[in-house]
């Protein structure tokens with residue numbers, strides 16, 4: 001398992017870093033592709049969990065969220081409108097279900113799936129809202145969009161790696177075993193330390209006050225853990241070990257982006273609240 005994870009990381013990490021360095025539109029295209037694949041996996045899990053779904057409408061709604069984020073300047077203020085249109089269209093699709101209770105659950109599950117995977121669009125939003133880096137910032141030549149997205153990616157990876165290594169070596173106290181049998185408090189602590197170290201170093205490199213990392217790191221780490229547990233709940237409900245088989249040693253796309261679904265909005269909120 002560890003060998004498969006290392007091999008998958010060696011294959012997929014360099015292209016991801018390259019896309020971050022290239023920035024938009026390549027980043028938006030990558031996020032769009034991940035949302036498409038992740039949505040298909042999420043709707044399959046929801047169906048296996050016993051919920052009716054409308055994958056085509058749900059996928060269209062999730063992609064609309066990505067387009068809205070990628071074209072933020074051209075489509076300013078349309079996020080709520082797109083959400084309303086998605087709710088209406090999915091409701092209209094659910095009208096075809098003979099049993100109103102099935103129709104209602106189909107409407108709710110499809111809307112949930114679209115909005116859930118659509119949270120990945122906050123990776124794009126993060127790059128859109130941050131101001132230019134201060135001239136004296138160590139990463140000034142790298143750019144604000146690339147720098148903040150890279151901070152997010154590295155901090156989530158640091159949390160996952162720290163939680164895995166510390167939990168495997170020192171893990172004794174398990175929690176929420178009905179969602180994930182392997183999670184330990186020691187692992188979470190190790191992950192939080194890793195995420196905080198990266199957040200502190202990242203904010204310094206971006207020309208922001210580094211003590212902010214003592215707040216951002218734990219918030220980001222806890223959000224990443226919550227994202228992982230949320231997907232675990234979905235998989236447990238569906239009776240599935242992984243969301244898919246696309247990535248050897250890692251499962252599906254949703255297994256790889258689950259932490260980012262919750263962490264990206266948190267980092268975006270931090271940047272909105274504290275970065276000027």
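Checking each residue in the stretch 65-101 for being part of a helix (DSSP H, G or I), closer than 16 Å to residue 126 by Cα and modelled with pLDDT of 80 or more picks out 65, 66, 67, 68, 69, 70. Taken together, the residues in the stretch 122-143 that are part of a helix (DSSP H, G or I) and closer than 24 Å to residue 194 by Cβ amount to 4.
What residue, of 16, 59, 45, is in a helix (DSSP H, G or I) and either within 18 Å of residue 122 (Cβ to Cβ) or in contact with a strand residue (DSSP E or B) (Cβ under 9 Å, 6 or more places away or on another chain) (or both)? None of the others qualify; the one that does is 16.
Each residue in the stretch 189-220 was checked for being crowded, with 17+ Cβ neighbours inside 10 Å and part of a loop (DSSP other than H, G, I, E, B), and 3 of them qualify. Among the residues making up the stretch 158-175, those that are assigned to a helix (DSSP H, G or I) and farther than 27 Å from residue 237 by Cβ are 158, 161, 162, 165, 166, 169, 170. For the stretch 141-175, the candidate set comprises residues that are touching a helix residue (DSSP H, G or I) at 6+ places or on another chain (Cβ under 6 Å) and within 12 Å of residue 263 (Cβ to Cβ); within that set, the residue that is surrounded by the most Cβ atoms within 10 Å (Cβ to Cβ) is 159. Given the condition over 18 Å from residue 159 (Cβ atoms), in contact with a strand residue (DSSP E or B) (Cβ under 6 Å, 6 or more places away or on another chain) and free of Cβ contacts under 8 Å to residues at least 24 places away in the same chain, answer yes or no: does some residue in the stretch 240-262 qualify? Yes, the stretch 240-262 contains at least one residue that is over 18 Å from residue 159 (Cβ atoms), in contact with a strand residue (DSSP E or B) (Cβ under 6 Å, 6 or more places away or on another chain) and free of Cβ contacts under 8 Å to residues at least 24 places away in the same chain. For the stretch 176-188, a tally of residues being assigned to a helix (DSSP H, G or I) and buried (at least 17 other Cβ atoms within 10 Å of the Cβ) returns 3.
The values are calculated or read from the model by the stated rules, or taken from the named source; none is laboratory data. Quantities reported herein were computed from a predicted structural model and do not represent experimental measurements. Counting neighbours? That spans all protein chains shown, and the Cβs are built from the backbone with ideal geometry, glycine included.
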